[in-house]
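The values are calculated or read from the model by the stated rules, or taken from the named source; none is laboratory data. All figures in this text were calculated on a predicted structure; none of them were measured in a lab. For neighbour counting, all protein chains shown are included, and Cβ atoms are generated from backbone atoms with ideal geometry for every residue, glycine included. Ligands, DNA and RNA are excluded from the accessible area calculation, which covers all protein heavy atoms including side chains. Shrake-Rupley method; radii C 1.70, N 1.55, O 1.52, S 1.80 Å.
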Amino acid sequence: MTTPLVLVSACLNRQGRHATHGAQHKYVEAATGAGAMPLILPALAAGADLDAALDAVHGVLLSGSPSNVHPDRYGQPLGDADMELDPARDATTLPLIGAALARGMPLLAICRGFQELNVALGGTLHQAVHRVSAMMDHREDEADALEAQYRPVHRVHLSADGMLARMLGGQSTLDVNSLHGQGIDRLADALQEEARADDGLIEACSLKGGASFVLAVQWHPEWRFADDPVSQKILAAFGDACARYQRERGGGKARGAQA
């Protein structure tokens with residue numbers, strides 16, 4: 001059996017004066033840490049042949065990004081004209097999510113990816129969590145060194161009967177990093193809560209029914225995962241699900257069938 005292949009979502013941004021498709025190294029490295037071979041999916045929007053891409057792989061990793069899902073994707077006006085957006089990524093990842101879930105393909109979503117999953121399935125976001133009454137400021141201090149930005153800064157409480165708690169051996173709380181301005185407002189009906197911060201913000205979710213591996217987290221388990229047992233368990237579970245999907249597909253599972 002060959003190594004499972006995992007799509008890693010890319011952003012469309014600029015490098016100097018040139019438009020560039022790219023994914024941060026830490027997400028590519030996390031895919032390899034899960035025991036998979038990463039393939040970066042360009043943010044081609046309507047030009048992306050998602051069926052061809054998904055035919056070739058055994059899992060999807062939705063990466064984080066400094067950009068945000070455009071509010072028109074969840075029925076809200078843009079609240080801040082200076083908000084960093086990436087409409088080409090939105091137009092690529094949101095349909096990708098639906099196509100991957102229809103196949104029962106394993107999916108791990110991180111930060112922006114966590115928010116994309118919620119929006120793709122009909123949920124909504126807070127455009128600025130720090131402006132919501134009783135919510136903490138979940139943003140990092142941009143003046144800090146990376147080591148400080150990615151240190152654990154707040155606690156999340158795991159759902160007692162949830163997928164994440166079971167994965168972590170019944171653990172009830174985690175201390176996590178926090179580098180996001182937006183967050184879940186209304187959780188999509190197809191999703192269930194897996195973790196919540198002290199201020200009430202949902203920080204992890206999974207797909208109801210549990211027919212396939214779908215886990216989304218607001219924090220960053222990809223950051224120096226080799227030094228963090230929790231991150232290692234999350235990536236290992238994702239990698240195991242991708243390998244299982246690969247075996248089942250190799251055994252003749254029909255395209256689109258649930259894993």
If you roll a 1.4 Å probe over the heavy atoms of the protein chains, what accessible area per residue do you get for the range 15-68, in Å²? 46
Counting only the backbone N, which residues of the range 110-127 are under 15 Å from the spot 7 Å out from the Cα of residue 161 toward its beta-carbon? none
Would you mind checking the range 105-121 for residues with the amide N under 18 Å from a putative spin-label position 7 Å along Cα→C-beta of residue 240? 105-109
What is the spread of the Cα atoms of the range 47-130 along each of their three principal axes, largest first, in whole Å? 39, 24, 21
Under the √(5λ) rule applied to the eigenvalues of the Cα gyration tensor, what semi-axes describe the equivalent ellipsoid of the range 6-85? Give them in Å, descending. 25, 15, 13
Go through the range 126-138 residue by residue and turn each phi into a ³J(HN,Hα) via Karplus (6.51, -1.76, 1.60, θ = phi - 60°); whole Hz please, and just put x for glycine and proline. 7, 6, 8, 4, 5, 9, 8, 4, 6, 8, 6, 8, 8
For the range 104-189, which whole percent of the accessible surface, found with a 1.4 angstrom probe, sits on carbon and sulfur atoms? 45
The chain: percent of C-alpha pairs farther apart than 31 Å? 18
